[in-house]
Amino acid sequence: MSVAKKDYKRITTKTLVDMKSRGEKISMLTAYDFSMAQIVDGAGIDVILVGDSASNVMAGHETTLPITLDQMIYHAASVVRAIHRSLVVVDLPFGSYQSDPKEALRSAIRIMKESGGHAVKMEGGQEIKESIKRILNAGIPVMGHLGLTPQSIYKFGTYTVRAKEESEAKQLKEDALLLEKIGCFAIVLEKVPAKLAEEVAKSLTIPIIGIGAGGGVDGQVLVIHDMLGMNTEFSPRFLRRYMDLHTEMTQALQQYSKDIKSGDFPNKEEQY
Ligand code: KIV
């Protein structure tokens, strides 16, 4: 077992369950590369998600569907090389686990062996139960993902709030219970009514990490590009922007260009 690079107490899946039992909220953010992961880990964020949202924010695809297992492994390995403390959870991408449990296990094993990530995340409940069980049986921790599941966007046709209808809410509660029962260590709940999310969080002992699921859950996750204000087009109600990095970066880059063109950069101190 590798030793932590510095003297930090590493976050484990058990740490997260213990945090929930103490009523301590869990912070989670996405990261997809070494430099960003170094900052996220250094800032004390508990969980880094190498999300398949890399397909959108890193590769510019409209959906999360095109990203491949090889590409996820590349991003995850870059993140793992940067971290000292955070738990690194890696999304199993679309097409790498839906066909059968054996393929799901092979994909999860590749992520663990080739990236060094600590756990995988999978979208769905009852319908992927056998795949989750097989992965868990191999000793690989699994985080579930219910509510809005972007890998199924073409089934639903919209990114609007899920489980507003009683039947869908009932199914979601059953799926959450099932994921806990078979051994998932946490569940992401995306874009569901706050009341339902709180009810689910209260009924389970494993942590519920929300995104657009209100404050009654055990932790929160956001896509880092969104919360830093790197995207200008994406403004869902649940998003809090902590920076306007798009404007700040644009101003810095414009200044850089101006300084070159005016001959101000580099000056005497900036040369050999
Ligand atoms: O891929 C991702 O970034 C995610 C979060 C939105 C939870 O799954």
Here is a check on your reading of the model: is Leu179 away from the ligand (no atom under 16 Å from the Cβ) and open to solvent by less than 20 Å² (accessible area, probe 1.4 Å)? no
Return the total of residues in region 28-73 being surrounded by fewer than 17 Cβ atoms within 10 Å (Cβ to Cβ) and not hydrophobic (A, V, I, L, M, F, W, C). 12
If we keep just the residues of region 182-201 that are under 14 Å from the mean Cα position of the chain (by Cα) and either open to solvent by less than 20 Å² (accessible area, probe 1.4 Å) or without any contact (Cβ under 8 Å) to a residue 40 or more places away in the chain (or both), which is nearest to Gly147 (Cα to Cα)? Leu189
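Within region 37-68, can you find the residues that are part of a loop (DSSP other than H, G, I, E, B) and over 18 Å from Ser96 (Cβ atoms)?
Selection gives Ala43, Gly44, Ile45, Asp46, Gly60, Glu62.
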Does Gly116 meet the test of being within 23 Å of Gln38 (Cβ to Cβ) and out of contact with any strand residue (DSSP E or B) (no Cβ under 6 Å at 6 or more places or on another chain)? yes
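From Leu196, Leu253, which residue is within 30 Å of Asp41 (Cβ to Cβ), more than 16 Å from the ligand (Cβ to nearest atom) and either assigned to a helix (DSSP H, G or I) or of a type outside the set (D, E, K, R) (or both)? Can you show your working first?
On the way: Leu196 fails: within 30 Å of Asp41 (Cβ to Cβ).
That would be Leu253, the only listed residue that is within 30 Å of Asp41 (Cβ to Cβ), more than 16 Å from the ligand (Cβ to nearest atom) and either assigned to a helix (DSSP H, G or I) or of a type outside the set (D, E, K, R) (or both).
Residues are listed down the side, and each one gets a yes or a no for (1) within 28 Å of Asp41 (Cβ to Cβ); (2) within 16 Å of the ligand (Cβ to nearest atom); (3) not aliphatic (A, V, I, L, M):
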{"site": "Ser96", "(1), (2), (3)": "yes, yes, yes"}
{"site": "Asp100", "(1), (2), (3)": "no, no, yes"}
{"site": "Gly117", "(1), (2), (3)": "yes, yes, yes"}
{"site": "Leu136", "(1), (2), (3)": "yes, no, no"}
{"site": "Val142", "(1), (2), (3)": "yes, yes, no"}
Go through Ser35, Ser86, Ser55 for me and flag whichever is within 14 Å of the ligand (Cβ to nearest atom) and either at pLDDT 95 or above or not assigned by TED's automatic domain parsing to the domain that holds Gln151 (or both). Ser55
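From the list Leu239, Leu222, exactly one residue is in contact with a Lys or Arg (Cβ under 9 Å, 6 or more places away or on another chain) and modelled with pLDDT of 95 or more. Which is it?
Leu222
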Filter region 227-272 for residues that are small (Gly, Ala, Ser) and not assigned by TED's automatic domain parsing to the domain that holds Thr30; which is nearest to Lys191 (Cα to Cα)? Ala252
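Out of region 110-127, which residues are in a helix (DSSP H, G or I) and within 19 Å of the chain's Cα centre (by Cα)? Walk me through it before giving the result.
Start the filter on region 110-127 by keeping residues that are in a helix (DSSP H, G or I), which leaves 110-115, 126-127.
Correct list: Arg110, Ile111, Met112, Glu114, Ser115.
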Could you tell me whether Ser167 is more than 28 Å from Lys14 (Cβ to Cβ), open to solvent by 10 Å² or more (accessible area, probe 1.4 Å), modelled with pLDDT of 95 or more and of a type in the set (Gly, Ala, Ser)? yes
What's the number of the only condition in (1) part of a loop (DSSP other than H, G, I, E, B); (2) within 26 Å of Gly216 (Cβ to Cβ); (3) under 21 Å from the mean Cα position of the chain (by Cα) that Gly139 fails to meet? (2)
Just checking, how many residues over region 132-181 are in contact with a Pro (Cβ under 9 Å, 6 or more places away or on another chain) and under 21 Å from Pro66 (Cα atoms)? 2
Conditions (1) under 17 Å from Met19 (Cβ atoms); (2) open to solvent by less than 60 Å² (accessible area, probe 1.4 Å); (3) within 15 Å of the chain's Cα centre (by Cα); number of the one not met by Leu204: (3)
Which residue pairs have Cβ atoms closer than 8 Å, lie 6 or more positions apart in sequence or on different chains, and pair a first residue in region 245-261 that is within 22 Å of Phe234 (Cα to Cα) and β-branched (Val, Ile, Thr) with a second residue that is modelled with pLDDT of 95 or more and not in a helix (DSSP H, G or I)? Thr247/Gly229
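The values are calculated or read from the model by the stated rules, or taken from the named source; none is laboratory data. Quick caveat, the model's predicted, so the values are computed rather than measured. For neighbour counting, all protein chains shown are included, and Cβ atoms are generated from backbone atoms with ideal geometry for every residue, glycine included. Ligands, DNA and RNA are excluded from the accessible area calculation, which covers all protein heavy atoms including side chains. Shrake-Rupley method; radii C 1.70, N 1.55, O 1.52, S 1.80 Å.
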